[in-house]
Amino acid sequence: MIGIVVAISLLATSCGNMGQVLSAMSNGTGIINAISSVIGLDKVSAQNLIGTWHYDGPGCAFTSENLLAKAGGEVAAVQIEEKMKPYYQQVGLSAANTTITFKEDGTFSSTIAGTPFSGTFTFDVASQQIKLKGMLLSINCYAKKEANGISILFEAKKLLTVLQTMSALSGNANLQTISDLSKNYEGVRVGFDMKR
């Protein structure tokens, strides 16, 4: 809990521009996300998951309604996503180089900032947990339904593991720049908003 308070304090001082937050809140996505800023409020079905998804921006969700309320609601989620944008831009994440395809046969293929990662997956509808198992890396993430697609979200420390592994495989040192950001969020899952 202290981690969230520290994170929100950092965001309040480092984001500074409340206009950006209000702008994000007033666009259609921000208002709709206010209803679903918590993991699991609106479930993704196994069939919804199947297909190819393209990166559309940073994603974030709180792990409980209680944490969301204490952190200041959707404004906090929007601030976290705004704070993540420059890091993601520095890494070079884009719709062209960050995708994931889930197939009905239980296999997946993906690229994160152009680095390939593939293997098998399982999806638990009740918890919304996706278990990705590759040759060099196995990781758990979570699906979250969004107005225009889904989010693929990780515990903050797990996202760091994924990005560090991708960094080692690709030689892209910029992927490690997210480490300072991702370790600040406790009770928040962060990752990628995805569109078809």
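The values are calculated or read from the model by the stated rules, or taken from the named source; none is laboratory data. Note that the structure is predicted; figures quoted are calculated from it, not measured. Reconstructed Cβ throughout: ideal geometry from the backbone, glycine too, with neighbour counts over all protein chains shown. Heavy atoms of the whole protein, side chains included, go into the accessibility calculation; ligands, DNA and RNA do not. Shrake-Rupley method; radii C 1.70, N 1.55, O 1.52, S 1.80 Å.
Things worth noting here:
- Residue check, Ser151 among the polar types (S, T, N, Q) and open to solvent by 20 Å² or more (accessible area, probe 1.4 Å): no
- The single condition among (1) at pLDDT 95 or above; (2) surrounded by 14 or more Cβ atoms within 10 Å (Cβ to Cβ) that Ala156 does not satisfy is (1).
- Contact map, segment 45-60: residues that are in contact (Cβ under 8 Å) with a residue 24 or more places away in the chain and closer than 23 Å to Thr122 by Cβ paired with residues that are among the small types (Gly, Ala, Ser) and buried (at least 17 other Cβ atoms within 10 Å of the Cβ), Cβ distance under 6 Å, separation 6+ or inter-chain. Pairs shown: Gly59/Ser151; Gly59/Gly191.
- Qualifying residue in segment 62-77 (condition: hydrophobic (A, V, I, L, M, F, W, C), open to solvent by 40 Å² or more (accessible area, probe 1.4 Å) and at pLDDT 75 or above): no
- Test: residue in segment 181-190 that is touching a Cys at 6+ places or on another chain (Cβ under 8 Å), modelled with pLDDT of 95 or more and β-branched (Val, Ile, Thr): no
- Condition met for Ile150 (modelled with pLDDT of 95 or more and of a type in the set (Val, Ile, Thr)): yes
- Those residues of segment 118-143 which are open to solvent by less than 70 Å² (accessible area, probe 1.4 Å) and either touching a Leu at 6+ places or on another chain (Cβ under 7 Å) or outside any strand (DSSP E or B) (or both), in sequence order: Gly119, Phe121, Phe123, Val125, Ser127, Gln128, Leu137, Ile139, Cys141, Tyr142, Ala143
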